[in-house]
Amino acid sequence: MQRLIFFLRTMYWFSLRNLRVHPFRVLAVLIGIAMGAAVFTSVRLAVDASMDSFTRTFDLLSGHADSTVVRSGGRVQEDLVATLWPHAAVETASPLISSYVTMAGRDEEPFLMVGLDPILDFPLRSWQIAPSSGDTSRIWFQVVTSPNTLLLSRRLARQLGLGPGQTVTLEHVNQISQFTVVGILEEHGLSLVEGGYVAIADLATMQEFTGLQGWVDRIDLRLKAGATPQDLENLRTMLPPGVRLEAPAETKESGQNMIHAYQLNLSMLSFVSLFVGMFLVYSLVSLNAASRRRELSVLRSLGASSRMIFAIVLCEGLLLGLLGWFMAIPIGSFLVNYLVQGVSSTVTNLFVRVRVENLILNPWEILLSFCVTLFVACVAASRPALLATRIAPREAMILHESAAGVTQSDYRWPLLGLMLIGLSWPLAKLPGLPGFPVAGYVSILCLVIGFSLLCTPVLRWIGSSLPFLLRRIAGEPAFLAARYMRDAGNRTAISVGALVTAMALFVALVIMVHSFRHTVSMWVYQTLAGDFFLRPKMAGINLYQDPLPLKAVEGLKQIRGAEIMPYRHLELRLGKVPFEFEAVPFDSLLRHGQFLLLHGDMGTIKADLVRGNGVLVSEVFMNQAGLGRGQRFQVTLGSTSLDLPILGVFRDYRTRGGIVYADLSRFQALTGDLTWSGARFFFSRPPQDMKEATDRLRAEVLRCCAREHPIEMISGVELRKEILEIFDQTFAVTTVLLLIALVVAGLGITTTLTVLVLERIRQLNTLAAIGAGSGQIRSMIFWEAVLMVITGETIGLVCGFLMAHLLIDVINLQSFGWTFLYVVDWKALLVSLPLILGTALVAALPAVRLVLKSSPALVLKEH
Amino acid sequence: MNPFPERVLIRAESLTRTYSLGSIEIVGIQDINLEIPKGELVVLRGVSGSGKSTLLALLGGLDQPTRGRLTVDGHDLQGANPEQLNEYRRNTVGMIFQSFNLLPTLTVMENICLPALLAGKPYHSTRKRALYWLEWLHLTNRVDHYPSQLSGGEMQRTAIIRALINEPAIILADEPTGNLDSGNGNSVMELLAELNRTFGRTVIIATHSSLADPFATFRICLKDGRIAEAAACNV
């Protein structure tokens, strides 16, 4: 205990007081750590909030169901309830329909409407009518017996401005109907689904509204205690072809996996800020130890053990980490609110619908952030601590502290750097875990560390080879700056390493995002070709469950002036892999658009595709389902099986999984399903005014079909613009994280240059004493900053180009199943490089101002 | 040969310290044979580069000999491991440096107490002892001041108390007046002499200055890393 007290006392005397003497330097590092920790924590909390919303909705909707009866790409007959109920293992069987609906005539957010049998559903899901609505028994009875009656969750009622007794008109593709709100739900159980925005109706009401009399989305089963796997097998034999029994968790898992992959990628990106912050801690602790070398040697001479010196220096780093983490709390609180909206919007746009109402501070995430921050700080401080133990006590007797000495060449580190760079590519080839490209991330880490270790020899080369050239260009200050770079060794290399990391990531992401956008743009214009698109209203969020009504289809067939290309869209599963299936008339689609083929040649396979003798699968489908060109695509649709060869693999950037395209005529012939999920229109001749032409077409569709049946319509131009806007919004979060990493690296430059000036104050004042002007000395510091930043930018650029390959060919492939064309946005890079240089030079200003602050005579006398 | 071997505090036999700088070998000291009795005030003289600092560093446990044997107060410094050297520096020797070497972020009291705390002694009793010495050296009004607030003489007196706090057997002073004016220098030398005379400490002073000559009881002259002269003085 006494030793601990003594250690803490020594820490306070030796470290804390020293940190207090240099508040700006310490603050810069703390801000860097705080930003890194805040970003890391907020990103994880934001994604957690989306995950929590999704999981909670799913769990609440699943209730106590042990299994669920579903049909791939379709619905289940309601009378199956009567078949399954008598089974000895079944405690209850509850049919359910759920669909997103919206208020007619108002631009409100869609909400989930759930139709269930209140009696059969009672053991599975809990919901309660609020007593404030009136006589709850009477209300309950009304829901069961009166058609078109609704219960609203409290939040939804508040949002829509509705109360018991009021009516509301709701839209579904089948019809537009008026409903009476008979009660408000208590805030628990089912009423908390979708962030608390949900309506409940009787199953019959829902069936009438959606035109699904006799059909349900699924039947949830609760099994009796003691039900065996054999019982489940028996139940499966009772199901008609195409209908299966699955665990509720299966669908939940696929949604969670998508969010997990997104979370992981964002977490890694946000970790970069913390990683760059690590360089700051290393830099400050290392420079502190170097500038206080004499004091450390005095401590040794007075009897402090090397273990104690190690502990003091290490704890200094840990203290910076700890203080930085606490400083992250207010920053994180602000950031998380911004990120929650951005992240949940991205998750909804790309993966699954989530609605985050409350941010839950997951204590495990807070703990993770705390531990990671301290770990990073500990790692950062460990090497300076180790080096500090090598300070000999004899140094206490040296009269004049020698100037930052010439660092001898140490080839070990650059050699290690080259080895790590070489290792990164074979590492990247290793298979990752599903959705977790661990080898890819390790490979990127090797690349970044490898290139960072090359900073010292590059700086030495600059200092050895360029001084005379620099002297000719910019005079003596530039010459001196280059010479200093040669001799400064690790002192500057660390901050340059931080800049390399941030720069590499910046370059890699610029290339990756541009490549992605370029490829998505090609996909959008080729595969999503079409002048006009229509589908049932909210088809997307309802997963295309409801096709266009027959009347609407008949009306559409009468439209002239444009070629109509209908399609049938189904959401299916192959084992545990969800995917989209789309049946299209290939002859029409291939006349107006194209597929970006990865495998297969369109010239060879086109005829077979048009005849319906094969399918095309997306790259994501191929990677997730493990089925590619030359293999067979087999799926059961109702009572029919589809078994066709895979003729080609194409690039596709839908985010909810892979997609398989088959010919519509062949599909209709095989399945007898003649319904349309939507249609694309192609004008026979390109109109002079596309907007006017699509507006006319829109009006015609409204007139013929969309009055009774809400239909979504969008021009091809608007659709493609919207997709690219969603793309840009998705990467907005990424851009913010990246900019933060660059700011943290800039802080590193500031800290390093400032400390280096302080370390050399005697030399700088000696220069002044022998005739150097203040402008020349300041110019020298600026040139040091220029050389450091140019080194960092150059090495970072090279590293970034390689990292982009890893991001595109490894990380994206293993995380999401797709790749894209590698295209460099030279313009963006060439514009940004001088901007980064300029920003980093601004970071040098505090150091420049420090120079010659005191009278040279005084400084030299003191030393 | 000393007729009273139990009175010998420092014994060096063929003591040598060399430094390697790449392929060049620099001799600090070579074949030093020496016996210094307890209770002496030793003045170690020699020009720059003669080996004074090297010898002092070895005596202070700040460095270890390349060859030979060195025993101080029964401690064999040649064969000592790092832990033993730490112990030696804490308890057996007190160092006074030319540039004072006070830790700038510690107050006078804290600088003084530091060696005792490093040796595991309790703070309160150490503080009491420190106050005694501070009073003796007229520094009680500077107890909570930082080194930057002290004059050169005050800093060196603080350094002297720091060297005394663990009641070491031997005080080593490396050019203790080198950074002081003649007035302060005289005061410091008188202090060291007083420590020797009144408190019986063995004091070894490495110096160019002649200020210490009147107080010396033993004189050692080094030249080119070897002893040119080593003899007791008539005080």
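The values are calculated or read from the model by the stated rules, or taken from the named source; none is laboratory data. These numbers come from a predicted model, not from an experiment. Ideal geometry is used to build each Cβ from the backbone, glycine not excepted, and the neighbour counts take in all protein chains shown. With ligands, DNA and RNA removed, areas are computed over all heavy atoms of the protein, side chains included. Shrake-Rupley method; radii C 1.70, N 1.55, O 1.52, S 1.80 Å.
Numbers at a glance
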item	result
Net charge of neighbours whose Cβ lies under 14 Å from the Cβ of A:Ile97, counting Lys and Arg as +1 and Asp and Glu as -1	-4
Convex hull of the range A:480-569 built on C-alpha atoms - directionally averaged projected area, nm²	11.2 nm²
Per residue accessible area in Å² of the protein assembly as shown, where ligands, DNA and RNA are left out and the probe is 1.4 Å	41 Å²
Sites A:Glu253 and B:Lys128, calculated FRET efficiency, Cβ-Cβ separation with R0 60 Å, nearest 0.05	0.30
Computed [θ] at 222 nm, deg cm²/dmol, chain B (DSSP H ≥ 4; -39,500 (n - 2.57); rounded to nearest 500)	-10000 deg cm²/dmol
Net lengthening on full extension, A:Arg20/A:Leu386 (0.36 nm per residue, minus Cα-Cα)	129.4 nm
Euclidean distance of C-alpha centroids, the range A:146-210 and the range A:776-815, integer Å	56 Å
Compactness relative to 2.2 N^0.38 Å, alpha carbon Rg of the range B:66-193	1.09
Point-to-point label distance, A:Glu554-A:Ala607, nm (Cα→Cβ direction, 7 Å offset)	4.0 nm
Shielded by partner chains, the range A:13-58 residues - at least 50 Å² of accessible area, 1.4 Å probe, vs chain alone	A:Trp13, A:Arg17
Normalised contact order of chain A, rounded percent, pairs of Cα under 8 Å and 6 or more residues apart	17 percent
For a label point 7 Å along the Cα-to-beta-carbon line of A:Asp825, residues of the range A:519-548 with backbone N under 13 Å	A:519-521
For residues of B:122-130, the mean tally of beta carbons on other chains within 10 Å	1
Candidate aspartates and glutamates for bridging to B:Lys223, where Cα separation is under 19 Å - those fewer than 8 sequence places away on the same chain excluded	B:Glu13, B:Glu25, B:Asp31, B:Glu35, B:Asp174, B:Glu175, B:Asp213
Shielding by partners, peptide B:52-60 (average Cβ within 10 angstrom, other chains)	2
Whole-Å distance, taken between Cα centres, linking the range A:314-391 and the range A:586-647	45 Å
Cβ-defined net charge surrounding A:Leu80, 14 Å radius [Lys, Arg +1; Asp, Glu -1]	0
Three-way shape label, the range A:251-349, alpha-carbon gyration tensor, a/c 1.5	prolate
Cα centroid of the range A:130-145 to Cα centroid of the range A:821-852, whole Å	67 Å
Radius 12 Å from Cβ of B:Trp136, net charge of other residues (Lys, Arg +1; Asp, Glu -1)	0
Per-peptide average of other Cβ atoms within 10 Å, ordering A:530-540, A:219-229 highest first	A:530-540, A:219-229
Heavy-atom accessible surface that A and B bury in contact, both chains counted, 1.4 Å, Å² to 100	2600 Å²
FRET E, pair B:Glu167, A:Phe468, Förster distance 60 Å, beta-carbon r, rounded to 0.05	0.50
Average beta carbon contacts from partner chains per residue of B:100-111, 10 Å cutoff	5
Between 0 and 90°, nearest 10: helix A:716-759 axis offset from chain A longest Cα axis	20 degrees
Full-stretch length increase - A:Cys704, A:Gln594 - with 0.36 nm per residue and alpha-carbon distance subtracted	36.5 nm
Label-zone membership for the range A:267-287, site A:Val736, 7 angstrom Cα→C-beta point, backbone N under 17 Å	A:267-274
Relative packing of A:655-664, B:74-83, which averages over residues the other C-beta atoms within 10 Å, highest first	A:655-664, B:74-83
Extension gain, A:Ser333 back to A:Ile119 (0.36 nm per residue minus Cα-Cα distance, nm)	72.6 nm
Residues of the range A:360-401 buried by at least 20 Å² on assembly (accessible area, 1.4 Å probe, chain alone as reference)	A:Pro393, A:Arg394, A:Ala396, A:Met397, A:Leu399
Cα-based Rg / Dmax (Å) for the protein assembly as shown	40.3, 131
Structure-based [θ]222 nm, chain A - -39500 (n - 2.57) summed over DSSP H runs of at least 4, per residue, nearest 500	-19000 deg cm²/dmol
DSSP bridge pairs, chain A: antiparallel proportion in percent, nearest 5	75 percent
Efficiency of FRET between A:Lys576 and A:Glu91 - r from beta-carbon atoms, R0 25 angstrom, step 0.05	0.40
Accessible-area composition of the protein assembly as shown, carbon plus sulfur, in percent [1.4 Å probe]	58 percent
